Amino acid sequence: MDAAEKTARENNFKVTIAIVDATGVPMLVKRLEGAYPHSFDLAMTKATIACRFQKNTSQLQEAPDISRGGVPLLANGVCIGGIGVSGDKQPNCERVAYAAVDKLVEEARQESLDAVDALTTV
């Protein structure tokens with residue numbers, strides 16, 4: 001969450017960031033100052049859809065009401081959670097989501113977690 005929030009703040013993106021478990025249950029959600037209230041629902045939806053389809057929401061854009069900013073977290077091919085960001089332009093939301101993913105992978109490598117080599121995004 002910290003890495004995503006830092007990226008958003010540094011770029012003045014007024015977004016909501018949602019981190020969910022594999023079933024779409026919110027683990028952590030933060031609406032940054034100035035983010036539209038409806039961005040909460042959209043961030044949650046993006047994170048949940050990324051988990052359920054095990055794809056980035058950018059890969060599902062041909063489906064109605066789906067936009068960039070949702071990224072699943074996979075370990076050994078199994079979805080373990082997802083990150084959804086909403087409230088700014090779609091590429092910016094995706095950028096914030098990937099900041100969180102990159103930090104998670106970095107920290108896992110520092111801890112020498114066995115699953116880190118299998119931790120991927122689609």
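The values are calculated or read from the model by the stated rules, or taken from the named source; none is laboratory data. Quick caveat, the model's predicted, so the values are computed rather than measured. When we count neighbours, we look across all protein chains shown, and the Cβ atoms used for this are built from the backbone with ideal geometry, even at glycine. Keep in mind that these areas ignore ligands, DNA and RNA; they rest on the heavy atoms of the full protein, side chains included. Shrake-Rupley method; radii C 1.70, N 1.55, O 1.52, S 1.80 Å.
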Number of Lys pairs in the chain closer than 18 Å at Cα, excluding neighbours under 8 places apart unless interchain, is 12
Taking only the alpha-carbon positions of the chain as identical scatterers, the Debye log10 I(q)/I(0) at q = 0.15 Å⁻¹ comes out as -0.57
Expressed as a percent, the accessible surface of the chain that is carbon or sulfur, using a 1.4 Å probe and the full set of protein chains, is 50 percent
Taking only C-alpha positions in segment 1-68, Rg and Dmax in angstrom work out to 12.0, 31
Charge dipole of the chain built from unit charges on the beta carbon (Lys, Arg +1; Asp, Glu -1), centred at mean Cα; most positive-end Cα among ILE83, THR7, GLY34 is GLY34
Taking a probe of 1.4 Å and leaving out DNA, RNA and ligands, the chain shows per residue an accessible area in Å² of 55 Å²
Interchain or sequence-distant (5+) residues whose placed amide H lies within less than 5 Å of the amide H of ARG68 are none
